[in-house]
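Heads up, the thing below is written out as structure tokens.
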Amino acid sequence: MSDPGSLAGARSLLAGPGPVCVLTGAGVSAESGVPTFRGPEGLWRSYRPEELATPAAFARAPELVWEWYSWRRGRVAACRPNPAHEALAALGRRRGDVTLATQNVDGLHALAGTREPLELHGNLFRVRCTRCRFRAEHPREALPPPWPPRCPECRGALRPDVVWFGEALPSEELSRGTAAARACRVFLVVGTSGVVHPAAGLAFEAKSGGAAVIEVNPEATPLSEDADLVLRGKAGEVLPQVLAP
Ligand code: OAD
């Protein structure tokens, strides 16, 4: 657990004036029961991203990719926001100058009440067409096979509206996240291994813009060295303390 000095330092930074930008990763949802990617039980320990999370994989085996995303959707649908999501949502309600960007596709920040989180890697509960501009919510319950489902407008294959390896991030979300990182006074980075760019690069944008960077993570990451304050602990335990009004 973090030392009391760092906790107090983080509390006072986060209570002060000036915009706050938050970047979250899979670790913020770990205590909700959503698997992370790179931990001991992480998804990328049992599955190969190049077989499931690339445009080439979808072109080669769309049914397998749908099956995997349906399984993930089912797991996430059973999960609820945890005290970390809730503390971040309360921070956003309390002050109007918080921008939250997330790499997570689980939708738990919005479910906890964060308004308009910037979902840099998309959302498991949306689908889009591979052929036309059709986009829609995925129903909360599973869509049955045959997979992939077809676009109601052009009969093209529907795919999960998530970012796969080798794909660009949604430009609107990325540019708003970058602008918020550059303009903020405090940048809070929670539960990410900090190895997937460009999302992880937001911490460096913030740092070079003069922000104080606070990391919340039980483990060291490549971002730790550049952080001004490091809080070693679980997001669901640390954030309610650091963000309590
Ligand atoms: P990772 O699985 O790479 O990293 C999860 C991080 O959360 C690690 O640094 C853990 O130490 C930390 N962690 C674990 N439990 C935690 C807890 N209770 N509280 C706080 N932190 C905890 O997940 P991401 O960094 O989010 O991309 O991964 C980034 C991207 O890589 C994902 O969005 C996904 C993946 O491939 C795509 O699918 C495009």
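The values are calculated or read from the model by the stated rules, or taken from the named source; none is laboratory data. This one's a predicted model, so the numbers in the text were calculated from it and none came from an experiment. Every residue, glycine among them, receives a Cβ derived from its backbone with ideal geometry; neighbour counts consider all protein chains shown. All accessible areas refer to the heavy atoms of the entire protein, side chains included, with ligands and DNA or RNA removed. Shrake-Rupley method; radii C 1.70, N 1.55, O 1.52, S 1.80 Å.
Tell me whether region 157-165 contains one or more residues that are farther than 20 Å from residue 105 by Cβ and either in contact with a Pro (Cβ under 9 Å, 6 or more places away or on another chain) or open to solvent by 20 Å² or more (accessible area, probe 1.4 Å) (or both).
Checking region 157-165: not a single residue is farther than 20 Å from residue 105 by Cβ and either in contact with a Pro (Cβ under 9 Å, 6 or more places away or on another chain) or open to solvent by 20 Å² or more (accessible area, probe 1.4 Å) (or both).
Does at least one position in region 191-212 carry a residue that is more than 7 Å from the ligand (Cβ to nearest atom), under 22 Å from residue 40 (Cα atoms) and buried (at least 20 other Cβ atoms within 10 Å of the Cβ)?
Checked region 191-212: no residue is more than 7 Å from the ligand (Cβ to nearest atom), under 22 Å from residue 40 (Cα atoms) and buried (at least 20 other Cβ atoms within 10 Å of the Cβ).
Looking at region 147-173 only, could you name the residues that are in contact with a helix residue (DSSP H, G or I) (Cβ under 9 Å, 6 or more places away or on another chain) and farther than 18 Å from residue 57 by Cβ?
Across region 147-173, the qualifying residue is only 169.
With the condition kept exactly as written, say whether any residue in region 14-26 is more than 24 Å from residue 214 (Cα to Cα), of a type outside the set (Val, Ile, Thr) and open to solvent by 70 Å² or more (accessible area, probe 1.4 Å).
No, region 14-26 contains no residue that is more than 24 Å from residue 214 (Cα to Cα), of a type outside the set (Val, Ile, Thr) and open to solvent by 70 Å² or more (accessible area, probe 1.4 Å).
Pick out, from region 40-148, the strands (runs of 3 or more DSSP E) lying fully within it that include 1 or more residues that are within 14 Å of the ligand (Cβ to nearest atom), at pLDDT 95 or above and surrounded by fewer than 20 Cβ atoms within 10 Å (Cβ to Cβ).
The qualifying strands (runs of 3 or more DSSP E) are 122-129.
Residue by residue, here is whether (1) under 19 Å from the mean Cα position of the chain (by Cα); (2) closer than 25 Å to residue 196 by Cα holds:
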| residue | (1), (2) |
| --- | --- |
| 4 | no, no |
| 24 | yes, yes |
| 31 | yes, yes |
| 58 | no, yes |
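Answer yes if at least one residue in region 213-223 is of a type in the set (D, E, K, R) and either more than 14 Å from residue 10 (Cα to Cα) or touching a residue at least 40 places away in the same chain (Cβ under 8 Å) (or both), and no otherwise.
Yes, because at least one residue in region 213-223 is of a type in the set (D, E, K, R) and either more than 14 Å from residue 10 (Cα to Cα) or touching a residue at least 40 places away in the same chain (Cβ under 8 Å) (or both).
Let's see how each residue does on (1) surrounded by 17 or more Cβ atoms within 10 Å (Cβ to Cβ); (2) more than 22 Å from residue 43 (Cβ to Cβ); (3) within 13 Å of the ligand (Cβ to nearest atom):
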residue: 186; (1), (2), (3): yes, yes, no
residue: 189; (1), (2), (3): yes, no, yes
residue: 220; (1), (2), (3): no, no, yes
residue: 235; (1), (2), (3): yes, no, yes
